[in-house]
Amino acid sequence: MIKTKQQYFNIFGVDLPQLELLTAEALSKGGDYSDIYFENTTYGNLTLRDGAVTSGGQHIDFGVGIRVLSDEKTGYAYSESTLMKDMIGAARAAAAIAEGSGRTAPVKIGEEGITPNEAARILKASHDLADSFIPFSSNGGRMVRKFFPGEPNPSADRYPVSVHWRSTGADKFLPFLEKLDAAVRSRDSRVVKVLAMLSWQVSDYLMYNSFSELKYDTRPMGSVSVSVVFQQGDKICNGGASRSFRMGVEMLTDALIEELANLSVKGLDDRFAAGRPKGGKMSVVMGAGASGILLHEAMGHAFEADFARKGQSIFTGRIGEKVCLEGINIIDDATIKGNRGALNYDDEGVPGQKTYMVEDGVLTSFLHDRISARHFGVMPTGNGRRESFRYAPIPRMRATYMESGSEEPGSLIERVKKGIFVDEFSNGQVKIGEGDFTFYVKSGYLIEDGRLTMPVKDINIIGNGPKALSDIVAVGNDLKVDESAWVCGKEQSVPVSCGIPTVLIDNLTVGGE
């Protein structure tokens, strides 16, 4: 949703002259760049355990963060108040940090006053700054002005809402969760426990920076999940599913209930029958959709430009190199309408966009925020993201996926004499610098002589991200972007999504018996 500019000014109790004044104060100690990030988020949740409501609530998070950049130093301070005296205090604190040690830990600001004479002095200084910026360079020069002029366009909104979360009472959500509980129980007699959860949030943002760029946005998010415990004799098995969208209450449909109920019991007989195969180095076929989490973790993080800028990524210095099979394209995308990773603007006010990290097998771009873009002498890619106003932005993924190839998915399995087909991963660990990863297989099958045979459990897939990327030998034509409630943690948490077509990778280590 994109409201009018004045509505955002009203929410945060500010106007343009005040933003100019804050900017001038933030740059008063000689910083290269500053930005101001306002947030007003309403959170809500409701949990149904075995048909009874066990928790629910709603709360609001509100505040402003101010960042100052000075060469390689970053100063960041935030306030839970948008009174002018408190914001001036945050601006001064951020300026002092950037001038001093370069410490990046956010500082919370309490009471600090400002006199009318001080306000007049700062406001005059803000107009003196108008022509003080020169183009950026790759060796740490000042940042270029007016990267992204203009105001947001409501007709280009990537997450329009029909029924608003904030204006819908929790009593309207309870029947949906009750129907979900009943639908799951009706699918299988082995269900013994059902946990159905709905969470939602709506966030208003207003962003202003020292290039005089003003951006604003309202992001909705709704997430539904169901966790199920099954029992067959003395065996216990867990299942579940989730779906999450940047949509309003209109997402809570009977079709969504049916989808989640079906997914929660999918492959249940195989899960009870699953065994642990003999381990070793072998081919792995990754199923379309949720197994894209391996792409996100083992490869996507290494493409985030802060790791490359600091020399911590295994892909540092490899732009322009061939890193995998020709025809493979890997994308990070903010433009999928209603998707959990969709963004009209990132958290630095940079327009959301579709970024090709790998194009036709060649590494073509990292994922940039404004800091890494300045370092490499390129434009930001709209990947500057933060958990809330309490955090400075860093490069983060949005919706990360590999484009479809030309192969029929079944043909990839037929090419494997002995290997593993993986439906779904969980509990992955990755070393960004080395690229080494380990992922636990939640659902999969043994492949023998080109056929799926025994369902498998309790195994790990072990490998190296760049090596696995180069060992992809075939890509299916069935890309699926998974719509589960993925959350990525990297110093702070943000919502993401991931996807992949069916992919055949040689030479991965399977940890089994």
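The values are calculated or read from the model by the stated rules, or taken from the named source; none is laboratory data. Since we're looking at a predicted model, the values are computed, not measured. Neighbour counts are summed over all protein chains in view; Cβ atoms, including those assigned to glycine, are modelled from backbone coordinates with ideal geometry. What goes into the accessible areas is simple: the full protein's heavy atoms, side chains included, and nothing from ligands, DNA or RNA. Shrake-Rupley method; radii C 1.70, N 1.55, O 1.52, S 1.80 Å.
In the set [x] 76, 52, 45; [y] 79, 56, 39; [z] 87, 69, 46, which value of Cα extents along the principal axes in Å was calculated from the structure you see?
Step by step, Cα extents along the principal axes in Å for this structure corresponds to label [y].
Given only helices, namely DSSP H runs of n ≥ 4 each adding -39500 (n - 2.57), what is the per-residue ellipticity at 222 nm of the chain, to the nearest 500 deg cm²/dmol?
Working: 11 runs with 104 residues, N = 513.
-6000 deg cm²/dmol, from helical runs alone.
Could you state the number of Å between the C-alpha centres of region 147-170 and region 488-503?
23
Would you please put 306-314, 147-155 in order of how densely packed they are, using the mean number of other Cβ atoms within 10 angstrom per residue and starting with the highest?
306-314, 147-155
Any idea of Thr4's accessible area? Nearest 10 Å², probe 1.4 Å.
Here the residue's solvent-accessible area equals roughly 80 Å².
So which aspartates and glutamates pass the test for Lys266, namely a Cα distance under 19 Å, with those fewer than 8 places away in the same chain ruled out?
Of all the aspartates and glutamates, those that pass the test against Lys266 - Cα under 19 Å, at least 8 places apart if same chain - are Asp181, Asp188, Asp254, Glu258, Asp423, Glu424, Asp458, Asp482, Glu483.
Over 22 Å between Cα atoms, which of Lys281/Lys457; Lys172/Lys337; Lys310/Lys480; Lys85/Lys490; Lys281/Lys467 qualify?
As for pairs spanning more than 22 Å Cα to Cα, those are Lys172/Lys337; Lys310/Lys480; Lys85/Lys490.
Among 182-194, 398-410, how do they line up from the highest to the lowest mean number of other beta-carbon atoms within 10 Å?
Descending packing order for the listed peptides: 398-410, 182-194.
Can you give the accessible area per residue of the chain, in Å², using a 1.4 Å probe?
Dividing the accessible area of the chain by its residue count gives 40 Å².
Using the per-residue mean of other Cβ atoms lying within 10 Å as a proxy for protection, in what order, highest first, do the peptides 204-214, 264-274 fall?
Peptide ranking by packing, descending: 204-214, 264-274.
So, counting K/R as plus one and D/E as minus one, what does the shell of residues with Cβ under 11 Å around Val416 add up to?
Cβ neighbours under 11 Å give a net charge of 0.
Quick check: pseudo-label points 7 Å beyond the Cα along Cα→Cβ at Thr4 and Arg49, how many nm apart are they?
4.7
Please give the net charge around Ala26, taking every other residue with its beta carbon less than 12 angstrom from that of Ala26, where Lys and Arg add +1 and Asp and Glu add -1.
-2
Can you compute the FRET efficiency between Glu259 and Ile236 using 1/(1 + (r/R0)^6), with r the Cβ-Cβ distance and R0 = 30 Å? Round to the nearest 0.05.
Working from the Cβ atoms, E equals 0.75.
If the viscosity is 1.306 mPa s and the temperature 10 °C, what Stokes-Einstein diffusion coefficient in µm²/s follows for region 1-73 when Rh is the Kirkwood radius over Cα pairs?
Details: Rh = 15.5 Å.
It diffuses with D of about 103 µm²/s by this estimate.
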